[in-house]
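Each remark here refers to the structure printed beneath this line.
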Amino acid sequence: MWRLSQPALTVGLILAAGAAGQTQEFADADVENGQAIAVGTFEPSPGGACFRCHGMEGAGDGAAGFPRLTDQAYEYMVESLREYASGERPNQIMQPIAAALSEQEMRDVSAYYASLEDAPYPPQTDVEPDVVQQGAILSAIGAPEEGIQACVNCHGPEGIGLPPTYPFIGGQHATYLRQQLELFRQGERQGQNGIMVYIARQMTDEQLEAAVQYFASLRPEGVTPEGESRPVTGAAPPPGIAPIPEDIPGVD
Ligand code: HEC
Ligand code: HEC
């Protein structure tokens, strides 16, 4: 039943959260300490200066499959670090790094990345218009007959994310998006209530690739194709309803 009722509920909650601004926990976190953790000057070193892979600006590295962290919601990052540490979200690289952080350090470093405003985007690579179009349709309306819900229901318009629970995926590196969808499919990454496991398993290879290419090709408003940056805030993005494409092939 969540399939029908959850999106409306989510949007309602987000409106409330947006109005309230940052959570108290986020506001209380020590961003300077978070920066020290990211640089690795923090003692004892948690084993992995975050900047080596995610960059000081949180831009990540598409070629290496290191995700972009800027634009990601504070709460989602803290939760991800907890899941890596416990092994609930298994990953050989992130597990020991997260396990070396205390709860407060997870909050501080997440607050650091969530408060960054201007991480550059990589230049857009060539995309296949047909494939991207198919991804845009999946995002906007899903494939209801195949049990695939519209991505916008949870990830927001253009994959901007709906804090605190739903990560941003619009503008994330393709390598990382593809890898996560595969992990969901295999059940390696369970996530919340198995929602994404279900969705990823319903998707054909073609649909999965279309979603990856579409979301990776998005750039927030104001970003040029060359990847010039835009002002981003660590706070919740304004909620909105994604525009449904004007003409969707095969849909009346
Ligand atoms: C050696 C490279 C490396 C270092 C150092 C590193 N990471 Fe990561 N990080 C990764 C990789 C690879 C992933 C994706 C893992 C997966 O498949 O789940 C990741 C994923 C994440 C995610 C999940 C993002 C998402 O969208 O779900 C967060 C949050 C994160 N890292 C935070 C950190 C923090 C904070 C530090 C420093 C304390 C750090 N990482 C250090 C490589 C690194
Ligand atoms: C009913 C809500 C819901 C819908 C619909 C949904 N997702 Fe998700 N998605 C989530 C949640 C929640 C997470 C965070 C992982 C977790 O804890 O389950 C997530 C995580 C992801 C991630 C990993 C992001 C990261 O930073 O690691 C990707 C990629 C993703 N979703 C793609 C999609 C695509 C593509 C669609 C549409 C075909 C979609 N999702 C539809 C709820 C949803």
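No lab work stands behind these numbers, since they all come straight from the coordinates. Quantities reported herein were computed from a predicted structural model and do not represent experimental measurements. No Cβ is skipped: glycine too gets one built from the backbone with ideal geometry, and neighbour counts run over all protein chains shown.
Given in Å, the Rg to one decimal and the Dmax to the nearest whole number for the Cα atoms of segment 68-184 are 15.7, 46. Would you give the gap between the C-alpha center of segment 131-151 and the C-alpha center of segment 48-92, rounded to a whole Å? That distance is 27 Å. Would you please classify the overall shape of segment 52-126 from the alpha carbon gyration tensor, given that a ≥ b ≥ c denote the square roots of the eigenvalues, rounded means a/c under 1.5, and beyond that prolate means a/b larger than b/c while oblate covers the rest? Note, shape of segment 52-126 comes out oblate. Peptides 52-62, 103-113, 183-193 ranked from most to least packed by the mean count of surrounding Cβ atoms within 10 Å: 103-113, 52-62, 183-193. For segment 113-176, what does the alpha-carbon gyration tensor say about shape, rounded, prolate or oblate, given a ≥ b ≥ c as the root eigenvalues, a/c under 1.5 as rounded, and a/b over b/c as prolate? Since a/c reaches 1.5 but b/c is at least a/b, the shape of segment 113-176 is classed as oblate.
Note on segment 123-217: Cα convex hull, mean projected area over all directions, 5.7 nm².
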